[in-house]
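Here the structure comes first, spelled out in structure tokens, and everything after it is commentary.
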Amino acid sequence: MEVLEAIRKRRSIRKYKGDPLPEDTFHRILEAGRLAPSGKNFQPWKFIVVRDERIKHQLAEASARQYFIAEAPIIIVACGFPEQSYARLGRYMSSWAVDVAIALQQMMLQATAEGVSTCWIGAFEEQEVKKILQVPEEVRVLGLTPLGYPAEDPPARPRKPLEQIISYDRYY
Ligand SMILES: Cc1cc2nc3c(=O)[nH]c(=O)nc-3n(C[C@H](O)[C@H](O)[C@H](O)COP(=O)(O)O)c2cc1C
């Protein structure tokens, strides 16, 4: 699948079939994240693959009770290492969240290309998620996504037109 085709096809899916993913499909999805760029190539990330039903349910509880995420056979929890990332992005911020987001999004696009669905989950209680998964204190949780075959086929959600989001040669 062409990149733009995958970008166009991706949707946030909030209903899943429980069918497992073939191992090679799953491996390609992880590989797409592994190959992501990062500030100074520090790769300040770790992705926790959760398949255990009880842990998936706990993660759904900790994610504003968004129980649909536990319907999927896998939940990926994207973690970042602020202390091991490029500290001076734009000279004002650490790059870890950007790095982890790029890697997770690459996984999500590869998933789309494989016919596997995802949904960025940002509404979660970080401390609860860390406790459930025994994440060390200095490691941060950026986001989660379910990974599974879709049980719904929603239409594309609206986006701003290009004219509104692009300017040329200066900001306007
Ligand atoms: C940082 C971030 C956090 C999000 N958090 C949630 C969430 O907690 N629950 C949810 O159902 N969708 C969540 N979404 C999905 C957005 O609602 C969705 O991407 C947006 O409405 C556009 O729809 P689309 O992804 O189908 O194009 C999140 C997306 C992003 C990028």
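Across the protein chains, with a 1.4 Å probe defining accessible surface, the residues Ile69, Ile7 rank Ile7, Ile69 from largest area downward. Take every pair of alpha-carbon atoms less than 8 Å apart whose residues are at least six positions apart; their mean separation over the length of the chain yields a relative contact order of 33 percent.
Note on the stretch 3-165: the C-alpha convex hull projects to 10.4 nm² when averaged across all orientations.
Restricting the calculation to Cα atoms, the stretch 53-111 shows an Rg/Rh of 1.10 when the hydrodynamic-style radius is the Kirkwood one. On the chain, 53 percent of the accessible area sits on carbon and sulfur atoms, based on a 1.4 Å probe. With K and R counted +1 and D and E -1, the other residues having a Cβ less than 12 Å from that of Val139 yield a net charge of -1. The residues of the chain expose on average 61 square angstrom of accessible surface per residue, using a 1.4 Å probe on protein heavy atoms.
For the stretch 1-51, what does the alpha-carbon gyration tensor say about shape, rounded, prolate or oblate, given a ≥ b ≥ c as the root eigenvalues, a/c under 1.5 as rounded, and a/b over b/c as prolate? Because a/c hits 1.5 or more and a/b fails to exceed b/c, the stretch 1-51 counts as oblate. Residues Met1, Met107, Met93, sorted by accessible area with the largest first, give Met1, Met93, Met107 [1.4 Å probe; ligands and nucleic acids excluded].
The values are calculated or read from the model by the stated rules, or taken from the named source; none is laboratory data. Given the structure is predicted, the values throughout are model-derived calculations rather than measurements. Using ideal geometry, Cβ is built from the backbone for each residue, glycine included, and neighbour counts are taken over all protein chains shown. Protein only, heavy atoms only, side chains kept; ligands, DNA and RNA dropped before computing areas. Shrake-Rupley method; radii C 1.70, N 1.55, O 1.52, S 1.80 Å.
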